[in-house]
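Notes to accompany the following structure.
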Amino acid sequence: MSASVQTKRDVIIRYEDVHKAFGPKVVLAGFNLEVYRGEAFAIMGPSGTGKSVALRHVIGLLKPDRGVVSVDGRNMATIAREELRELRSRMGYVFQEAALLNWLTAGENVALPLRETTRMPDAEIREKVNAKLALVQVPDVYNKMPNELSGGMRKRVGLARALVTDPEIILYDEPTAGLDPEISSSINHLMRDLAQQLHVTSLIVTHHIGCVRTTADRVGLLDGGKLNFVSSPQEFIGSAEPRLVRFLGDKLD
Amino acid sequence: MSSMLSRFFADVGFQLTLAVQVAARAGSSWRRRSLIADQLFQSGIKVVHVVLLVGLFIGMIVALQTGLELSRFGQQDQIGTIVALSMCREMGPFITATILAATVGSALAAELGTMAVSEELAALEVMSIDRISFLVLPRVLAAAIVCPMLTVLCDAIGIVGGGLIAQSQLNVGMSLYYDSVLESLNDRGLPFELPKDVYTGLFKSFVFGGVLAVISCAAGVQATSGAMGVGNATRKAVRDSIIAIIVTNYFLSWMFFNT
Ligand SMILES: Nc1ncnc2c1ncn2[C@@H]1O[C@H](COP(=O)(O)OP(=O)(O)OP(=O)(O)O)[C@@H](O)[C@H]1O
Ligand SMILES: [Mg+2]
């Protein structure tokens with residue numbers, strides 16, 4: 001894709017020189033990224049480099065110390081409460097550890113955003129929840145409590161919860177970590193279908209090269225607080241860049 | 001020293017803000033009735049036996065301590081009045097609230113702390129679900145309702161405990177004891193049927209219940225991640241609740257009886 005074509009595309013998520021530290025610990029230092037509308041962008045990187053921290057900025061859970069994170073042209077650090085609410089209603093967030101409420105059943109967890117923020121009738125909510133649970137391949141868990149489910153199942157229920165409001169932008173924090181290869185692959189295909197058929201914009205944090213191959217249009221490596229080597233998955237994987245080779249070394253086989 | 005002081009003010013500020021935010025959402029109580037009912041059960045039923053046991057012994061202690069003094073002056077007939085008034089005014093509300101702080105308060109802090117650490121609170125935030133109305137309001141209201149209910153039990157069993165001591169240690173007959181209890185708790189011409197000693201005690205309980213729940217929820221939602229996070233939040237919840245109950249107790253007592 002040539003540069004001139006890229007500049008014409010509509011940027012929906014923009015990080016501009018983002019800095020973030022927790023006390024003395026510097027996590028992001030000059031993080032830059034533009035994600036285009038309808039694109040699937042993957043962030044890879046060693047553990048503890050700040051991938052989750054970067055993702056949290058997009059939905060306003062964290063504010064940068066310096067720099068700007070904007071979504072659809074609006075600065076997430078200064079956005080008005082009502083606008084933030086509206087913007088968040090168009091986004092879904094898949095948490096790394098699912099983050100289900102343990103006193104609600106799996107189905108009620110998925111139903112929660114609809115119950116709390118819409119006036120949708122009960123029957124319709126149930127139908128929708130069951131459809132999303134089937135989509136992530138855990139069809140029979142509506143009445144199970146989260147602690148009766150395996151980690152991988154909880155993760156998929158968390159994914160169903162992020163999808164239940166039919167968001168335009170989905171932020172995935174390691175959507176396939178801890179899932180077996182078969183389920184991982186089907187989740188990857190689900191993510192790709194959402195992007196291709198429903199034109200969802202995806203920002204995906206992942207350790208799995210398979211996930212990048214299947215789902216991502218572009219990918220970058222987060223290291224030293226910055227995003228480097230932004231390129232297509234093929235270029236990324238085939239790169240001779242020593243740092244990339246080292247990072248990808250154990251993941252390619 | 002100055003950092004401790006600024007921590008203290010920051011904590012109190014956070015607790016007061018939370019209290020105001022809860023009060024501002026009181027209107028959604030009806031919508032939250034099923035969550036409130038859950039919490040009533042969680043925080044009420046599970047501590048009834050503790051309240052009964054402790055209340056019984058507190059009544060016995062009061063009767064023993066004051067009764068032996070009274071009997072030196074031949075005034076042991078007054079024991080029913082003393083036990084009834086001290087249970088209803090002070091012991092019942094205070095002891096019940098302290099028990100709730102240690103049981104319900106610590107459980108609230110642990111529960112919300114775990115939610116904070118496991119990103120469940122963040123998940124509610126990104127779904128634009130009002131965490132105060134959804135999580136804090138039901139817990140605070142339930143505690144404020146449960147605390148006076150348990151206080152009634154504590155008062156009653158304390159009076160029974162006092163009666164046991166009156167009869168066995170002080171040679172005051174049961175009927176004399178209960179007559180003096182009833183007389184001391186009789187209406188003193190106030191606009192309510194309940195005597196002032198009882199309803200001020202119950203009002204104090206109501207406030208204590210709300211205070212301990214707000215403080216415990218505040219400690220929980222502020223829990224930081226890491227192995228110690230939830231443990232620290234729990235400890236802080238119980239400590240701060242008990243301090244706040246005592247301080248509030250002084251001011252409410254002063255308000256009601258300072259005439
Ligand atoms: N709220 C916080 N307070 C203090 N430090 C934090 C906080 N959140 C993250 N960190 C620190 O920031 C660094 C990056 O964390 P982050 O969770 O983003 O890593 P990650 O790249 O997602 O790692 P992983 O692949 O293991 O999930 C870590 O060192 C972490 O300890
Ligand atoms: Mg992470």
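Computed quantities for the displayed model
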{"item": "Test: residue in the stretch B:47-64 that is aromatic (Phe, Trp, Tyr) and touching a helix residue (DSSP H, G or I) at 6+ places or on another chain (Cβ under 7 Å)", "result": "yes"}
{"item": "The stretch A:136-177, residues that are within 16 Å of ligand 1 (Cβ to nearest atom) and either in contact with a Ser or Thr (Cβ under 9 Å, 6 or more places away or on another chain) or more than 28 Å from residue A:58 (Cα to Cα) (or both)", "result": "A:155, A:171, A:172, A:173, A:174, A:175, A:176, A:177"}
{"item": "Flag for residue A:26 being over 14 Å from the mean Cα position of the chain (by Cα), within 16 Å of ligand 1 (Cβ to nearest atom) and among the aliphatic types (A, V, I, L, M)", "result": "yes"}
{"item": "Any hit, the stretch A:28-46, residues being within 14 Å of chain B (Cβ to nearest Cβ), within 16 Å of ligand 2 (Cβ to nearest atom) and over 17 Å from residue A:201 (Cα atoms)", "result": "no"}
{"item": "Unique match (being outside any helix (DSSP H, G or I) and of a type in the set (Val, Ile, Thr)) among B:172, B:160, B:207, B:181", "result": "B:172"}
{"item": "Tally of residues being crowded, with 21+ Cβ neighbours inside 10 Å and touching a residue at least 40 places away in the same chain (Cβ under 8 Å) across the stretch A:170-199", "result": "8"}
{"item": "Neighbours by Cβ (under 8 Å, 6+ apart or cross-chain): first from the stretch A:84-97, within 7 Å of another protein chain (Cβ to nearest Cβ); second among the small types (Gly, Ala, Ser) and buried (at least 23 other Cβ atoms within 10 Å of the Cβ)", "result": "A:93/A:162; A:93/B:123; A:95/A:158; A:95/B:123"}
{"item": "Output for the stretch A:210-240, where each listed residue is within 21 Å of residue A:178 (Cβ to Cβ), in a helix (DSSP H, G or I) and of a type in the set (A, V, I, L, M, F, W, C)", "result": "A:211, A:212"}
{"item": "Index of the failed condition, residue A:138 passing every other in (1) closer than 17 Å to residue A:188 by Cβ; (2) surrounded by fewer than 16 Cβ atoms within 10 Å (Cβ to Cβ)", "result": "(2)"}
{"item": "Complete set of residues in the stretch A:105-117 that are over 19 Å from the mean Cα position of the chain (by Cα) and either facing chain B (nearest Cβ under 9 Å) or free of Cβ contacts under 8 Å to residues at least 40 places away in the same chain (or both)", "result": "A:107, A:108, A:112, A:115, A:116, A:117"}
{"item": "Matching residues in the stretch A:160-176 - criterion: being over 14 Å from residue A:201 (Cα atoms), within 12 Å of the chain's Cα centre (by Cα) and of a type in the set (Ser, Thr, Tyr)", "result": "A:176"}
{"item": "The one condition in (1) surrounded by fewer than 18 Cβ atoms within 10 Å (Cβ to Cβ); (2) within 16 Å of ligand 2 (Cβ to nearest atom) that residue A:227 fails to fulfil", "result": "(1)"}
{"item": "Any helices (runs of 4 or more DSSP H) falling wholly within the stretch B:41-113 and containing at least 1 residues that are more than 15 Å from the chain's Cα centre (by Cα)", "result": "B:48-72, B:79-86"}
{"item": "Pair list, Cβ < 8 Å and 6+ apart or interchain, from the stretch A:47-61 residues that are closer than 12 Å to residue A:173 by Cβ to residues that are within 8 Å of ligand 2 (Cβ to nearest atom) and among the hydrophobic types (A, V, I, L, M, F, W, C)", "result": "A:51/A:205; A:52/A:205; A:54/A:205; A:55/A:205"}
{"item": "Residue identified as within 21 Å of residue A:217 (Cβ to Cβ), exposed (fewer than 14 other Cβ atoms within 10 Å of the Cβ) and more than 16 Å from ligand 2 (Cβ to nearest atom) among A:10, A:72", "result": "A:10"}
{"item": "Given (1) farther than 30 Å from residue A:144 by Cβ; (2) at pLDDT 95 or above; (3) away from chain B (no Cβ under 13 Å), number of the condition residue A:3 does not satisfy", "result": "(2)"}
{"item": "The stretch A:19-32 residues that are under 11 Å from residue A:227 (Cβ atoms), paired with ones that are assigned to a strand (DSSP E or B) and within 11 Å of ligand 1 (Cβ to nearest atom) (beta carbon under 7 Å, 6 or more apart)", "result": "A:28/A:20"}
{"item": "Which listed residue is surrounded by 24 or more Cβ atoms within 10 Å (Cβ to Cβ), closer than 25 Å to residue B:206 by Cβ and not acidic (Asp, Glu), from B:95, B:159, B:99", "result": "B:159"}
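Residue-wise test of (1) among the acidic types (Asp, Glu); (2) under 17 Å from residue A:34 (Cα atoms); (3) more than 10 Å from chain B (Cβ to nearest Cβ); (4) near ligand 1 (Cβ under 9 Å from one of its atoms).
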residue: A:48; (1), (2), (3), (4): no, no, yes, yes
residue: A:51; (1), (2), (3), (4): no, yes, yes, yes
residue: A:62; (1), (2), (3), (4): no, no, no, yes
residue: A:72; (1), (2), (3), (4): yes, yes, yes, no
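The values are calculated or read from the model by the stated rules, or taken from the named source; none is laboratory data. Predicted, not measured: the structure shown is a model, and the values here were computed from it. Note that each Cβ is placed from the backbone with ideal geometry, even for glycine, and that neighbours are counted across all protein chains shown.
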